[in-house]
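What follows is one structure encoded as structure tokens, with my remarks underneath.
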Amino acid sequence: MPLPALKITTTMTSNSLSAQLRQIGLCAVPAQLEDFIAQATKARLSPHQILEQVVKTESAERSRRSLERRLRMSGIKKFKPIADFDWAWPDKIERDVIERALTLDFLGEARNLILMGPNGLGKTMIAQNLCHAAVLAGHSVLFRSATALLEDLHRQSPEGRRRKLRTLANVGLLCIDEVGYLSFDDKAADLLYEVVNRRYERKPVILTTNRPFKEWNEVFPNATCIVTLLDRLLHHAEVTAVEGKSYRVRESEQETAARRRKK
């Protein structure tokens, strides 16, 4: 079927053209239509080149919006970039393991990454950087504290919980932060097992904890699924420990010393 003849009239205003472009799903070009037309006219672009420029402009805008949406939905929030991490401060840290993880090689292998160590050594910061890198690479990401994740699942209706578990099972990268900072009941352990089991050998998990695995019975007292939970979590996992004195303690000591010098 032949295309209808294209009629260009002088009565079509930029505003009406912008509205029509938005009606067919364009976003970037309508927002800068006057500039777009002026640049195309000045450059004497052919119709083919104009269409190519429209596609390029719209594709870039959609990529930008997709990135913003994935960052917003990830829950990563504000964090320090890995470039600011003081590798010399911890007494022990496997820098090569973390830098390799930043290449995101573990995503394609559905391999978990466990960051273990005392509070205040940057485990959360490292996890946030890994999640941010995954978002930039085009992956869907969810970053949640263990408390927020388990409390959210616990208060859902049965149907709501099933929907949440499906989401947690299928997101590209799930980070569960601060397991062990608070104690939970045995039902929480069952929920965490359900999350890990649904992702087992399919999608990776990043998990940070301040407690060795032998103490998880204290984190989830009376839970009967701890052994099975750890079996699933650790089967395909890189476990790396960070040891040393808290950054926050060091900063507090430095601030105290600075105040004393001023007196």
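Laid out as a table, the results:
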item: Some residue of region 251-260 being more than 23 Å from LYS92 (Cβ to Cβ) and among the β-branched types (Val, Ile, Thr); result: yes
item: Failed criterion for PRO158 (all others in (1) touching a Pro at 6+ places or on another chain (Cβ under 9 Å); (2) surrounded by fewer than 18 Cβ atoms within 10 Å (Cβ to Cβ); (3) over 16 Å from VAL219 (Cβ atoms) hold); result: (1)
item: Residue match in region 163-173 (condition: at pLDDT 95 or above, surrounded by 17 or more Cβ atoms within 10 Å (Cβ to Cβ) and closer than 30 Å to TRP89 by Cα); result: yes
item: Check on PHE220, within 30 Å of HIS132 (Cβ to Cβ), more than 23 Å from the chain's Cα centre (by Cα) and surrounded by 20 or more Cβ atoms within 10 Å (Cβ to Cβ); result: yes
item: Strands (runs of 3 or more DSSP E) wholly inside region 152-263 containing at least 3 residues that are among the β-branched types (Val, Ile, Thr); result: 205-209
item: Leading residue by the ranking (farthest from ALA133 (Cα to Cα)) among those in region 51-72 that are of a type in the set (A, V, I, L, M, F, W, C) and modelled with pLDDT of 85 or more; result: LEU51
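Listed here are the residues, each with its yes/no results for (1) within 16 Å of the chain's Cα centre (by Cα); (2) outside the structural domain of LEU182 (by TED's automatic domain parsing).
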{"residue": "GLU58", "(1), (2)": "no, yes"}
{"residue": "GLU61", "(1), (2)": "no, yes"}
{"residue": "ARG100", "(1), (2)": "no, no"}
{"residue": "GLY117", "(1), (2)": "no, no"}
{"residue": "GLY120", "(1), (2)": "no, no"}
{"residue": "ALA133", "(1), (2)": "yes, no"}
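The values are calculated or read from the model by the stated rules, or taken from the named source; none is laboratory data. What you see is a predicted model; the values in this text were computed from it and never measured. Here Cβ is always computed from backbone atoms with ideal geometry, including for glycine, and neighbour counts include all displayed protein chains.
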